[in-house]
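J.: Dropping a structure here in structure tokens format, bear with me for questions.
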Amino acid sequence: MPDLIHFAIPGFVLLLLAEVIFSAWDHRHLYEAKDAFSSIAMGLGNVAVGLVTKGIIYLVYAFIYRFRLFTLDPGQWWVWVLCFFADDFSYYWFHRFSHNIRFFWASHVVHHSSQKYNLATALRQNWTGNLTGTFLFWIWMPFLGFHPAMVMTMQAISLIYQFWIHTEAIRKLPRPVEFIFNTPSHHRVHHASDLQYLDKNHAGVLIIWDRMFGTFQPEEERPVYGLTRNIHTYNPFRIATHEWIDIWKDLRKARSWRDAWHYLFDAPGWSHDGSKQTTKQLRQASAPPPSSPSI
């Protein structure tokens, strides 16, 4: 089955070059050469891994499809509409869990590791996500009756959409668009390391899921991009594996199986000795103390 993302690559390149020219003309300094080349290398690595893993994923979906509850005809336009909403809903929860479960964060952190925010950052994709089961967030769709080709086509369309929102060249779009869709403004918040912005705006195409499930945060001030602890490397292999290496180090110092479980499946930043903090703990630490009751 052809991957739509491969067909979109020439468009990605043209838009990226246009943004580079705009950045130079507007003196915005949106790009740093080493950072951009690292992001591109990560994207190429992701495509290479996908050549193998996406075929396996298709076979898994096809196996599940054999036990489907319904048969949703791809020839009907409304089935594609349902597939779009089902995919976008699945993406939201995959993305949200990827920020709240360290095992999935170890792959997803790659996408947040740049301290720049530009179209090259959109290409900074992981090499391990497909290998660690992130595709399972969509497995309910072939079981319900969506053909595997539909599921994987809609996944590709979602990723293609998300390319253009990785930019600072677009400030705000009309309010109805900002209310319904994921936009550059919303996604800049998602890539920020500012405490007020952490783990917000997990949308793929539609920002309505964040509004519905309490994870929406408007852009109020220019974000600071990157991680709460930046990795300071342009080495693609280091970028791809640094969190897995850190997990291994933490597992080695775990005092019990319970600690090991938390290091793998609790929120990123969990530690048995308080040496690191989760987003929730960071927010609790920064919250003002409760005011004393007046007498």
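J.: Cβ-Cβ distance below 8 Å, separation of 6 or more or different chains: which pairs start in the range 144-167 with a residue that is closer than 27 Å to Leu119 by Cα and assigned by TED's automatic domain parsing to the domain that holds Phe67 and end on one that is outside any helix (DSSP H, G or I) and among the aromatic types (Phe, Trp, Tyr)?
T.: What qualifies is His166/Tyr117; Thr167/Tyr117.
J.: Select from the range 183-192 the residues that are without any contact (Cβ under 8 Å) to a residue 60 or more places away in the chain and assigned to a loop (DSSP other than H, G, I, E, B) and list them in ascending order.
T.: Once the filter is applied, which keeps residues that are without any contact (Cβ under 8 Å) to a residue 60 or more places away in the chain and assigned to a loop (DSSP other than H, G, I, E, B), the range 183-192 yields only Thr183.
J.: I'm trying to understand the selection: among the residues of the range 194-209, which are in contact (Cβ under 8 Å) with a residue 60 or more places away in the chain and either within 13 Å of the chain's Cα centre (by Cα) or part of a loop (DSSP other than H, G, I, E, B) (or both)?
T.: Matches in the range 194-209: Leu198, Asp199, His202, Ala203, Gly204, Val205.
J.: So, restricting to helices (runs of 4 or more DSSP H) that lie completely within the range 87-182, which ones have at least 1 residues that are closer than 28 Å to Ala41 by Cβ and of a type outside the set (S, T, N, Q)?
T.: Where helices (runs of 4 or more DSSP H) fall fully within the range 87-182 and carry at least 1 residues being closer than 28 Å to Ala41 by Cβ and of a type outside the set (S, T, N, Q), they are 102-108, 119-122, 148-163.
J.: Among Lys200, Lys172, which is the only one that is assigned by TED's automatic domain parsing to the domain that holds Ala18 and closer than 19 Å to His99 by Cα?
T.: Of the residues listed, the single one that is assigned by TED's automatic domain parsing to the domain that holds Ala18 and closer than 19 Å to His99 by Cα is Lys200.
J.: Considering (1) assigned to a helix (DSSP H, G or I); (2) surrounded by 18 or more Cβ atoms within 10 Å (Cβ to Cβ), say which one Thr215 fails and leave the rest.
T.: Here Thr215 meets the rest and fails (1).
J.: Examine the range 15-32 for a residue that is closer than 29 Å to Pro142 by Cα, surrounded by 11 or more Cβ atoms within 10 Å (Cβ to Cβ) and among the hydroxyl-bearing types (Ser, Thr, Tyr), and state whether such a residue exists.
T.: no
J.: Sticking with this structure for a sec: State which residue pairs qualify: first residue over 17 Å from Ile170 (Cβ atoms) and inside the range 7-19, second residue surrounded by 13 or more Cβ atoms within 10 Å (Cβ to Cβ) in any location, beta carbons under 6 Å apart, and separation of 6 or more residues or different chains.
T.: What qualifies is Ala8/Ile160.
J.: Report whether or not Leu251 is in a helix (DSSP H, G or I), aliphatic (A, V, I, L, M) and not assigned by TED's automatic domain parsing to the domain that holds Leu173.
T.: So Leu251 fits the description; yes.
The values are calculated or read from the model by the stated rules, or taken from the named source; none is laboratory data. What you are looking at is a predicted structure, and each value in this text was computed from that prediction instead of being measured. As a convention, Cβ positions derive from the backbone with ideal geometry for all residues, glycine included, and neighbour counts pool all protein chains shown.
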